[in-house]
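What follows is a single structure, written as structure tokens, with notes after it.
Please treat every number below as a calculation from the coordinates, not as lab data. Note that the structure is a prediction, hence the values are computed from the model and not measured. Cβ coordinates were reconstructed from backbone atoms using ideal geometry, including for glycine residues, and neighbour counts include every protein chain displayed.
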Amino acid sequence: MSWLIALCGSFLATMSFGILFNVPRKSLIMGGLAGAFGWMIYVLLARELGVNIVAATLAGAFGVATASQILARFLKMPVTVFSIAGIIPLVPGGMAYDTMRHFIENEYTEGIRLGTITLLLAGSIAFGLIFSGVLTDTFSRRNKPIAKSSSSK
Amino acid sequence: MTMASVTKASVADIMEVCLLAGKIMLKSGAETYRIEDTMNRIAQTYTVREVHSYVTNTGIFLSVDSLTGEQSLTKFLRIHERQINLNKIADVNEISRKITLGQLTIEEAHIALQNIEKAPLLYPFRLQLLAAALASGSFTLIFGGAFIDFLPSVIAGGVGFFLYSKFNRRSEVKFFAEVLASFTIGAIAYLFFFLGLEIHIDKVIIGSVMPLVPGVLITNAVRDLMAGDLLSGLARGAEAFFTAFAIGAGIAIILALLM
């Protein structure tokens, strides 16, 4: 049951965020699936296998990003159309809230501990996205960037 | 690749098309490197000798040198409001793809970009409100809330997002809209609790503030930093921090009042 909630919940949440971010209509459902995919990886690792949440978030973000890369190729859209809404379930909003609450209650040590985890989680999401992007760029030859530097000669 | 159809354009025209593309992307919340890359590619396709672009999240600098000995141009464009709109980013991307394949003349590209700029939001406000409410409920569930928490967070999240959008349009200070929205969310959550519903207040609040949380800003900030766009990375980071702080402050006021 909890699996079903996680799956449907993350799909709905990601798709709703797709609407908030004005993603193109034809990518709405696929983006939702990418988000659910990433969240299921996170839940599997963090809740079932007891992996550290930072590592689990990294894996989840990597999953979202890789799924987004593949979708972007097939539907010929920028990767961010899928990945930006897809990573939202992994964003440590709850952790940021807890951090703030502990500061309010004058529990500064606990606040700093949670704040540090929040930063690490945000960093691991970004790293997962970049890591996937770099891997795809390295291993696909079709998509070579046109001269990165500005001058043509 | 048929480059033949691409006619040589004047530097001023190239400049205009590049800046328009950059402006739409920046207003829609694209990453810095994507904007710079798009402008550079467009300029190079219309054959210029050199192009330099520099994008921060509040402005664009673009400098274009022509092949023909025409005078080079440098322009600056200031951006005031930004709203995430991935549809526009995808549309500009499509235009830029067509330009680099040589399928659009500079006039056609200009008209196409102007149409993108004028296009209204893809989803009407009512649908966005519904999405925000639904997202709040879903987040409460996947963050470990019970079914009884679903409806309260749908209501709190919906009202919070509604207030945020309305006040954000009225006031110059985004901070105020965020504080007000999260304060209301906290108030509604506690209202349900005091009415006798056995909800998990923490889960309801966390789920309901998610539509306001600057998740995109945070990740774009780190991405910009890693790509070497240090200035815009730090600026986006500061914006994200202030948004998070505003949300926390709103909740904090409620907690402080009730304690």
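Some points to look at:
- For the segment A:3-11, counting C-beta atoms of other chains within 10 Å of every residue's C-beta and taking the mean gives 3.
- Extension gain for the segment B:Glu94 to B:Ser171, taken as residue separation times 0.36 nm less the Cα-Cα distance, is 24.3 nm to one decimal.
- Three-way shape label, the stretch B:23-120, alpha-carbon gyration tensor, a/c 1.5: oblate
- Partner shielding of A:93-105 amounts to 6, given as the average count of beta-carbon atoms from other chains within 10 Å of each residue beta-carbon.
- Taking 0.36 nm per residue of separation and subtracting the Cα-Cα distance, full extension of the segment from A:Tyr108 to A:Ala55 would add 16.5 nm.
- Average beta carbon contacts from partner chains per residue of B:242-253, 10 Å cutoff: 3
- For B:Ile201 and B:Leu231, the FRET efficiency from 1/(1 + (r/R0)^6), where r spans their Cβ atoms and R0 equals 41 Å, is about 0.55.
- The protection proxy used here, the mean number of other Cβ atoms lying within 10 Å of each residue, ranks peptides A:131-139, A:83-91 as follows, highest first: A:83-91, A:131-139.
- Full extension of the segment from B:Ile79 to B:Phe61, taken as 0.36 nm per residue of separation minus the current Cα-Cα distance, would add 5.4 nm.
- Whole-Å distance, taken between Cα centres, linking the stretch A:100-116 and the stretch B:184-232: 16
- MRE, 222 nm, helices only [DSSP H, n ≥ 4, -39500 (n - 2.57), over the protein assembly as shown, to nearest 500]: -23000 deg cm²/dmol
- Taking every C-alpha pair closer than 8 Å and separated by at least 6 residues, the mean separation divided by the residue count of chain A gives a relative contact order of 24 percent.
- The stretch B:52-91 and the stretch B:137-167: distance between their alpha carbon centers, rounded to Å: 38
- Contact order normalised by residue count of chain B, Cα under 8 Å, 6+ apart, percent: 17
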